[in-house]
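A.B. asks: Here it is, the structure, as structure tokens.
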Amino acid sequence: MRGASIGLCSWGSLGYSGPHVPENGTNQYRYNKLQEYVRALCNGHYDWSIDSNNPNKGKSRYDVGYSDGQFLSLWISSRVGTIKYYVPIPFSYGLDNSIRNPLNEKKRYSALPRDCPINGFDRSYWHGWIDGVLSVVDDYRVGFYWSYESCLQATKHDPNFVDYFGPMCNANTKEYVDDYITFIRDMFRYIHNRGQELIWIPATGGRGVSYLNDPDYDGIPKIGGYFDYVFVQPNYYQYSKRNERGITRDLPYTYEKLVEKTRWIYKELPRKIKEQNPNSTTTVSIEMEADSAVLLGQRGHCALCKYENHHYVCDNEKCLERACDYYRAIREVSPTAFPTRAYYFGTDFEVIDRVRERCPGW
């Protein structure tokens, strides 16, 4: 689960009844079925025969999205109470068993896309999903959360383009990027026209500012203007190493580099978004990050957790300090920066309490 802006909640993606690449059979057979499915997406339709037992066989992409979105919306509205929330728009299905590329054993495929964005938003799975969610009346729903977090989307390095749509559909790089931007724009306008918001929490991983300033490796400026809120993940809490353009070796992800990335988020990114979309009213902010590794004796995904002596251990005190570094970095960039933030805290609210005991402004 993610906490989201101004105390709102965002529900993480759940599993839905999409197509599944067969679990049985040779790897070559499963890989062939994967290609068959992706090519069907690129041709503008689902090939439900990949899974002969799938209850959605014969339905359109839109219809499947509608039923999936409606199912989740009914589930949320019966449980959320009076908490305001965003509903996720899922980009991918999971692959329970990853598939190897027969020509490259090191290449594995996962995160099966639910549709092909280059075919446009209209009548897509995601169009149906949004309509299905909105078919359930709920006054506490604020809007939608685009759950595909990669900052590489809308670039030629988008993992879904590199893994699926490029090699399996022979998609042209520039056309794919242009069509993807149009897809995001049309989805945003459709949601806005229905009185809802659209937010995004893009991940930057261990990429340094030199990558984030390169349009080939950062799509946030290209599509950021089509969201009401963009909360950038520095991923400092999770990563101990960083990558910089032109340097082949990993470098330490230090506090100073967190400050540099925070300054880029606050100072540079809003300007870059405005250059791409002068009409944008996007609020750019940051995601505060921590998890159970800040709690005494517990483990998580902190950069200061490691496997040693046959055990996975975390330095809880140092993880707590690494989480607090986010607030220190914000204060260093500007005392008034980022009044509205998103929060990642795993699934335990005690994480937030623990960090705020150490650094109240967090």
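A.B. asks: How many residues are surrounded by 15 or more Cβ atoms within 10 Å (Cβ to Cβ) and not in a loop (DSSP other than H, G, I, E, B) when one looks only at the range 332-350?
C.D. replies: Summing the residues that are surrounded by 15 or more Cβ atoms within 10 Å (Cβ to Cβ) and not in a loop (DSSP other than H, G, I, E, B) in the range 332-350 gives 5.
A.B. asks: Output the number of residues of the range 302-320 satisfying the condition of being modelled with pLDDT of 95 or more and either surrounded by fewer than 16 Cβ atoms within 10 Å (Cβ to Cβ) or under 21 Å from the mean Cα position of the chain (by Cα) (or both).
C.D. replies: Of the residues in the range 302-320, 5 are modelled with pLDDT of 95 or more and either surrounded by fewer than 16 Cβ atoms within 10 Å (Cβ to Cβ) or under 21 Å from the mean Cα position of the chain (by Cα) (or both).
A.B. asks: What are the residues in the range 351-362 that are part of a loop (DSSP other than H, G, I, E, B) and touching a residue at least 40 places away in the same chain (Cβ under 8 Å), if any?
C.D. replies: If the condition is that a residue be part of a loop (DSSP other than H, G, I, E, B) and touching a residue at least 40 places away in the same chain (Cβ under 8 Å), then W362 is the only one that fits.
A.B. asks: I would also like to ask the following. Of all residues in the range 93-105, which are under 20 Å from S150 (Cβ atoms) and either open to solvent by 60 Å² or more (accessible area, probe 1.4 Å) or in a loop (DSSP other than H, G, I, E, B) (or both)?
C.D. replies: G94, L95, S98
A.B. asks: May I pose another question? Specify which of the listed residues (S49, S13) is modelled with pLDDT under 75, part of a helix (DSSP H, G or I) and open to solvent by 50 Å² or more (accessible area, probe 1.4 Å).
C.D. replies: One residue alone meets the criteria, S49.
A.B. asks: Just to confirm my filter: which helices (runs of 4 or more DSSP H) fall fully inside the range 132-223 and include at least 3 residues that are over 18 Å from the mean Cα position of the chain (by Cα) and not polar (S, T, N, Q)?
C.D. replies: Working: elements: 166-169, 173-192, 209-212, 220-223.
In the range 132-223, 166-169, 173-192 are the helices (runs of 4 or more DSSP H) which contain 3 or more residues that are over 18 Å from the mean Cα position of the chain (by Cα) and not polar (S, T, N, Q).
A.B. asks: Hey, among Y327, Y344, which residue is touching an Asp or Glu at 6+ places or on another chain (Cβ under 6 Å), under 17 Å from V232 (Cβ atoms) and in contact (Cβ under 8 Å) with a residue 24 or more places away in the chain?
C.D. replies: Y344 is the lone residue from the list that is touching an Asp or Glu at 6+ places or on another chain (Cβ under 6 Å), under 17 Å from V232 (Cβ atoms) and in contact (Cβ under 8 Å) with a residue 24 or more places away in the chain.
A.B. asks: For the range 65-92, what are the residues that are aromatic (F, W, Y), farther than 28 Å from P167 by Cα and open to solvent by less than 50 Å² (accessible area, probe 1.4 Å)?
C.D. replies: Y85, Y86
A.B. asks: OK, next. For E36, state whether it is open to solvent by 20 Å² or more (accessible area, probe 1.4 Å), modelled with pLDDT under 90, assigned to a loop (DSSP other than H, G, I, E, B) and of a type outside the set (K, R).
C.D. replies: no
A.B. asks: For residues that are aliphatic (A, V, I, L, M) and either closer than 14 Å to F91 by Cβ or surrounded by fewer than 17 Cβ atoms within 10 Å (Cβ to Cβ) (or both), scanning just the range 112-165, find the one that is modelled with the lowest pLDDT.
C.D. replies: Among residues in the range 112-165 that are aliphatic (A, V, I, L, M) and either closer than 14 Å to F91 by Cβ or surrounded by fewer than 17 Cβ atoms within 10 Å (Cβ to Cβ) (or both), the one modelled with the lowest pLDDT is L112.
A.B. asks: Please verify whether D178 is free of Cβ contacts under 8 Å to residues at least 12 places away in the same chain, farther than 22 Å from V64 by Cβ and of a type in the set (D, E, K, R), treating the condition exactly as stated.
C.D. replies: Yes; evaluated as a whole, the condition is true for this residue.
A.B. asks: Does E244 satisfy the condition of being of a type in the set (D, E), open to solvent by 40 Å² or more (accessible area, probe 1.4 Å) and in contact (Cβ under 8 Å) with a residue 24 or more places away in the chain?
C.D. replies: Here the answer is no, as E244 does not meet what is asked.
The values are calculated or read from the model by the stated rules, or taken from the named source; none is laboratory data. Remember, it's a predicted structure, so these values are computed and weren't measured experimentally. Here the Cβ is made from the backbone with ideal geometry for all residues, glycine too, and neighbour counts use every protein chain on show. Just so you know, the surface numbers come from the protein's heavy atoms only, side chains and all, with ligands and any DNA or RNA stripped out. Shrake-Rupley method; radii C 1.70, N 1.55, O 1.52, S 1.80 Å.
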